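The values are calculated or read from the model by the stated rules, or taken from the named source; none is laboratory data. From a predicted model like this one, the values you see are computed outputs, not experimental measurements. Positions of Cβ are backbone-derived with ideal geometry, glycine not excepted, and every protein chain shown enters the neighbour counts. Quick note on the areas: whole protein, heavy atoms, side chains included, nothing else; ligands and nucleic acids left out. Shrake-Rupley method; radii C 1.70, N 1.55, O 1.52, S 1.80 Å.
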Amino acid sequence: FGGITALNKVNLSVHTGELLAIIGPNGAGKTSLLNCITGYYRPQEGQIFFNSEEVTGLSTHHLTEIGIGRTYQNIELFPGMTVLSNMLLARHVHCSYNVGKAALFMKSVVEEEVRHRRILEELIDFLEMQSLRKQLVGSLPYGMRKRVELGRALALEPKLLILDEPFAGMTLEEKEDMVRFLMEMNEAWNQTMILVEHDMS
């Protein structure tokens with residue numbers, strides 16, 4: 001950017017079930033790398049492959065549809081909506097009904113909605129947010145909002161989960177909870193993750 005080399009000859013691979021950490025000082029290009037992988041930036045050179053298919057330059061929504069989920073360095077939630085509503089938004093990639101069927105609230109729509117909510121309730125239980133499901137996100141403490149953002153990313157059922165500084169701004173206790181969730185996801189669910197973080201401990 002402006003004469004600064006943001007990225008240069010980066011070469012990495014992540015295998016299914018792996019948790020890969022990207023480390024480096026501020027300004028090293030960690031978030032720029034994540035932005036290239038998730039379609040926010042289009043690299044001038046090089047290629048990005050996902051499940052053996054080239055995805056370089058694909059749009060963010062297309063990458064989401066093929067299974068790449070993400071959390072952000074700065075929280076990207078809707079503060080005026082509830083925890084459940086924020087997470088439900090992520091299920092749009094798995095919705096098979098259209099606006100007309102949804103407006104009529106047809107039986108097939110109701111059945112699918114129940115299925116989506118069942119998945120979200122399992123995630124809410126896993127992330128220990130049972131008492132928060134109907135609270136507005138804007139009323140929650142910062143660390144809990146980071147947890148909601150993780151829940152929304154997981155609601156996509158991503159094959160690859162990308163986490164950009166998921167512990168930033170958290171208390172020690174909140175960080176310990178988040179580490180526990182990530183380790184369990186990786187070990188029990190075999191969730192593939194790329195993680196950027198400054199807190200090496």
Report task. Answer yes or no: is there a residue in segment 25-34 that is assigned to a loop (DSSP other than H, G, I, E, B), of a type in the set (A, V, I, L, M, F, W, C) and either modelled with pLDDT of 90 or more or closer than 22 Å to ARG152 by Cα (or both). Result -> no
Report summary line: Expected output for segment 28-49 (first residue aromatic (Phe, Trp, Tyr) and open to solvent by less than 50 Å² (accessible area, probe 1.4 Å), partner part of a helix (DSSP H, G or I) and at pLDDT 95 or above, Cβ below 8 Å, 6+ apart or cross-chain) is none
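Any idea which residue in segment 104-120 is least open to solvent (accessible area, probe 1.4 Å), counting only those that are over 22 Å from LEU156 (Cα atoms) and of a type in the set (A, V, I, L, M)? Break it down into steps so the answer makes sense when it comes.
So in segment 104-120, the residues over 22 Å from LEU156 (Cα atoms) come out as 104-107.
Next cut, of a type in the set (A, V, I, L, M) only: 104, 106.
Details: LEU104: 131, MET106: 79 Å².
Here the residue is MET106.
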**Report entry** Close pairs from segment 4-27: first without any contact (Cβ under 8 Å) to a residue 60 or more places away in the chain, partner among the hydroxyl-bearing types (Ser, Thr, Tyr) and outside any loop (DSSP other than H, G, I, E, B), Cβ under 9 Å, at least 6 apart
**Finding:** ALA6/SER32; LEU7/SER32
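Which one is surrounded by the fewest Cβ atoms within 10 Å (Cβ to Cβ) among residues in segment 124-135 that are more than 13 Å from LEU88 (Cα to Cα) and hydrophobic (A, V, I, L, M, F, W, C)? Before the answer, list the steps.
Of the residues in segment 124-135, the ones more than 13 Å from LEU88 (Cα to Cα) are 125-132, 135.
Now restrict to residues that are hydrophobic (A, V, I, L, M, F, W, C): 126-127, 129, 132.
Numbers: PHE126: 15, LEU127: 20, MET129: 19, LEU132: 20.
So, considering only residues that are more than 13 Å from LEU88 (Cα to Cα) and hydrophobic (A, V, I, L, M, F, W, C), the one surrounded by the fewest Cβ atoms within 10 Å (Cβ to Cβ) is PHE126.
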Requested in this report: Could you look through segment 136-171, keep only residues that are under 21 Å from ARG117 (Cα atoms) and free of Cβ contacts under 8 Å to residues at least 40 places away in the same chain, and pick out the one that is most open to solvent (accessible area, probe 1.4 Å)?
Outcome: MET144
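From the residues in segment 35-94 that are among the charged types (D, E, K, R) and more than 17 Å from LEU160 (Cα to Cα), which one is modelled with the lowest pLDDT? Break it down stepwise before answering.
Initially, segment 35-94 is screened for residues among the charged types (D, E, K, R), giving 42, 45, 53-54, 65, 70, 76, 91.
The next check asks that each one be more than 17 Å from LEU160 (Cα to Cα); those that pass are 42, 45, 76.
Numbers: ARG42: 91, GLU45: 90, GLU76: 87.
Selected residue: GLU76.
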Requested in this report: Would you please name the residue that is farthest from LEU150 (Cα to Cα), looking only at residues in segment 64-103 that are of a type in the set (Val, Ile, Thr) and open to solvent by less than 60 Å² (accessible area, probe 1.4 Å)?
Outcome: ILE66
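Say we look at segment 172-201 and pick out the residues that are in a loop (DSSP other than H, G, I, E, B) and in contact with a Phe, Trp or Tyr (Cβ under 9 Å, 6 or more places away or on another chain); which of these is surrounded by the most Cβ atoms within 10 Å (Cβ to Cβ)? Before you say what the answer is, go through the steps one by one.
From segment 172-201, those in a loop (DSSP other than H, G, I, E, B) are 189-191, 197-201; that's our starting set.
After this cut, where a residue has to be in contact with a Phe, Trp or Tyr (Cβ under 9 Å, 6 or more places away or on another chain) as well, the list is 197-199.
Values: GLU197: 17, HIS198: 12, ASP199: 12.
So, considering only residues that are in a loop (DSSP other than H, G, I, E, B) and in contact with a Phe, Trp or Tyr (Cβ under 9 Å, 6 or more places away or on another chain), the one surrounded by the most Cβ atoms within 10 Å (Cβ to Cβ) is GLU197.
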Query raised in the report: Do you know which residues across segment 37-88 are of a type in the set (D, E, K, R), touching an Asp or Glu at 6+ places or on another chain (Cβ under 9 Å) and in a loop (DSSP other than H, G, I, E, B)?
Result: GLU76
